[in-house]
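A.B. asks: Take this structure, written in structure tokens, and hold onto it; I'll ask about it next.
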Amino acid sequence: MDDHHARSGPDIDPGHRFSYADKVLYAFVRDGRLVSIPAQQRKRRVVLRWLASTDFQDGEEVPERDVDVRLASRHADVASLRRYLVEEHYLARAGGIYRRRPVADWPRDPADVAVTPAQDDRSPDE
């Protein structure tokens, strides 16, 4: 593993199975911030799901300026993140107020299965 992907923390059991989402978040999130917004839609959806589930609560109504503050703590390009969250159906917008959509409305990825490191040793950002 190169220094770019080095992480501190406990050793990982070699038999541990990582989901596709785990691998994507490992590649794109450092210290709670996005290092970049994934270009591939599938990877971007993993990141958007993470943002929607960690930064927004069910039933909460959030003015656009507060959405921007929350997203700015994750990445500088708040306009793109906000647009992607709405376009991909993680957030709903009406009259400048944003609400998290029900999880049932979020995009599904049927191919999101766990893999062992030995099965797929490619970098998730490939």
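A.B. asks: Just the residues that are in a helix (DSSP H, G or I) and within 12 Å of residue 90 (Cβ to Cβ), please, taken from the range 54-70.
C.D. replies: Selection gives 54, 55, 67.
The rows are residues; the columns are (1) among the charged types (D, E, K, R); (2) surrounded by 12 or more Cβ atoms within 10 Å (Cβ to Cβ).
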| site | (1), (2) |
| --- | --- |
| 34 | no, yes |
| 39 | no, no |
| 45 | yes, yes |
| 49 | yes, yes |
| 53 | no, yes |
| 59 | no, no |
| 62 | no, yes |
| 81 | no, yes |
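A.B. asks: Here are some conditions: (1) part of a loop (DSSP other than H, G, I, E, B); (2) of a type in the set (D, E, K, R); (3) modelled with pLDDT under 95. Residue 22 meets all but one. Which one does it not meet?
C.D. replies: Of (1) part of a loop (DSSP other than H, G, I, E, B); (2) of a type in the set (D, E, K, R); (3) modelled with pLDDT under 95, only one is false for residue 22: (1).
The values are calculated or read from the model by the stated rules, or taken from the named source; none is laboratory data. From a predicted model like this one, the values you see are computed outputs, not experimental measurements. Don't worry about glycine lacking a Cβ; one is built from the backbone with ideal geometry, like all the others, and counts go over all protein chains shown.
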